[in-house]
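Computed from the coordinates by the stated procedures, all read-outs in this text should not be read as laboratory data. Predicted, not measured: the structure shown is a model, and the values here were computed from it. A quick note on method: Cβ atoms are made from the backbone with ideal geometry, for glycine too, and the neighbour counts reach across all protein chains shown.
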Amino acid sequence: MQEKKTNKQPSINNVEHLVRDNIKKLIPYSSARHEFNGEASVFLDANENSFGSPLNQNFNRYPDPLQWQLKSSLSTIKGVPEENIFIGNGSDEVIDLAYRIFCEPGKDNVIICPPTYGMYEVSANINDVIIRKVGLLPSFQLDVIGIMNAADERTKLLFICSPNNPTGNNMSRLDVEWLLNNFQGMVIIDEAYINYSRQKTFIQELTEYPNLIVMQTLSKAWGLAGLRLGLCFASDFIISLFNKVKPPYNINDSSQQLALLALQNTSQINDWIKKIVEERKKLVGLLIKFSFVEKVYDSDANFILVKVKDAGSLYQHLSQQKIIVRNRSKEPGCANCLRITIGTPEQNELLLNALFTYEQ
């Protein structure tokens, strides 16, 4: 771990001053489903089609705006109170709302640590928020000193992706904890791939760090990418802000009901996670034997980053074999690197066969 200089200010205990003034004063939209809470048999309050829908489902009714059933199920699985959970239309909505809650357009800035997930930067640009980039060290770990030197009184957010995308590695827990204690803005830890990781989640640390926001997702290990369900865990105060700013019905009823069904199958998910980790280990051992592979980076995700001699050539060869991977060569520190998702044993075998033909 690097030697770090302690920040001038004490560890952050109150985050209210980080919130935009207009958000503090905002009176959120109150929907019909917000205003009534109880049992009823005739609903004439939301201007819905009372005759039903052509799909013979209850799709004529607006969904629960706060997704309490789904949060209750997630609370049991994650060990976090329902009041500390926000559900977004994908993690991208969580990212966007964080900018809108904390960052004054054209004035405030955020810190990202490339190579990392691209939507942090895109969302900043959409919201007219200044981006300060502090690249990862050659080991793909956080440059903690660089982060602290880049921060000032208008730095509102720090994004940490762990396990990181596209590199696949966990960030040092000691480094992250040090930043949580010393960084004077909100620290957003993106744990989209935490289910495949040997490092424990930070969601159990919410009571320790008022400036902590943890993102997870149902898109990866849970296999629900098509439903667009991003998870956010934070203090009651932060969650209340997300609920205040979000659209009234940001999660549709189909996504809520299908997710509830999926969450009943934890044993199957755990089995898939185990198989993916086994396949990851197997694939790493075989990839390093190819002459065109220069390095396979350690991964705690459901993908691996592979440095090859000519990423463009290999990408084209695989695509001709109808196998699509991701060329990450344009990312900082990732020259000639391909990101390969861990597939099923059958898919991985097809990949290896295509690599054998490329070798020849």
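Remark on the chain: 103, 113, 161, 232 stand apart, with no other cysteine beta carbon under 4.7 Å.
The amide H of residue 88, built 1.01 Å from its N in the peptide plane, has 230, 231, 232 as neighbours under 5 Å, considering only residues 5 or more places off or on other chains.
Taking the Cα centre of the range 267-359 as origin and charging only Cβ (+1 Lys, Arg; -1 Asp, Glu), how large is the dipole, in debye to the nearest 20?
180
Where the centre of each part is set by its Cα atoms, how far does the range 309-360 sit from the range 22-60, in angstrom? That distance is 48 Å. Within the shell of other residues whose beta carbon sits under 15 angstrom from the beta carbon of residue 232, the net charge comes to -3, with Lys and Arg scored +1 and Asp and Glu -1. Fewest neighbouring Cβ atoms within 10 Å first, the residues 107, 244, 289, 220 line up as 289, 107, 244, 220. Would you list 36, 202 from fewest to most Cβ contacts within 10 Å? Going from least to most buried by this count: 36, 202. Please state the charge dipole magnitude for the range 115-231, taken about the Cα centre, from unit charges on C-beta atoms (+1 on K and R, -1 on D and E), reported in debye and rounded to the nearest 20. Dipole of the range 115-231, to the nearest 20 debye: 320 debye. Of the residues 44, 263, 229, the one that moves most in a GNM of the chain with alpha-carbon contacts below 10 Å is 44. So what's the gap between the Cα centers of the range 146-222 and the range 227-284, to the nearest angstrom? Taking the Cα centre of each part, the range 146-222 and the range 227-284 sit 17 Å apart. Restricting attention to the chain, close to 55% of DSSP beta bridges with both partner residues there are antiparallel. For the cross-link pairs 156/220; 78/282; 24/78; 78/295; 200/220, the ones whose C-alpha atoms lie over 25 Å apart are 156/220; 78/282; 24/78; 78/295. Each of 305, 336, 290 was scored by the projection of its Cα onto the charge dipole of the range 267-359, and the greatest displacement toward the positive side belongs to 336; charges sit on the C-beta of Lys, Arg, Asp and Glu.
Each of 132, 20 has some number of other Cβ atoms within 10 Å of its Cβ, and from fewest to most they run 132, 20.
Among residues other than residue 26 whose Cβ falls under 11 Å from its Cβ, what is the net charge (Lys/Arg +1, Asp/Glu -1)?
Local charge sum for residue 26: +4.
The mean sequence distance of close C-alpha pairs (under 8 Å, at least 6 residues apart), as a share of the length of the chain, puts its relative contact order at 18 percent. 3J(HN,Hα) along the range 262-271: 4, 5, 7, 10, 4, 5, 5, 4, 4, 5 Hz, from the Karplus curve 6.51 cos²θ - 1.76 cosθ + 1.60 with θ = phi - 60°, whole Hz, x for Gly and Pro. Among 177-184, 145-152, the peptide with the highest mean count of other Cβ atoms within 10 Å heads the list, and the full ranking is 177-184, 145-152.
In order along the range 140-148, phi translates into HN-Hα couplings of 6, 9, 5, 8, 4, 4, x, 5, 5 Hz, rounded to whole numbers, per the Karplus curve 6.51 cos²θ - 1.76 cosθ + 1.60 with θ = phi - 60° and x for Gly and Pro.
Each Lys or Arg adds one and each Asp or Glu subtracts one; over the other residues with Cβ under 10 Å from the Cβ of residue 203, this totals 0.
Projecting the Cα atoms of 129, 23, 256 onto the charge dipole of the chain (Cβ charges, centred on the Cα centre) puts 129 farthest toward the positive pole. This model, with +1 at the C-beta of Lys and Arg and -1 at the C-beta of Asp and Glu, gives the chain a dipole about its Cα centre of some 840 debye. Residue ranges 208-214, 309-315, 343-349 sort as 208-214, 309-315, 343-349 when ordered by packing (mean number of other C-beta atoms within 10 Å per residue, highest first).
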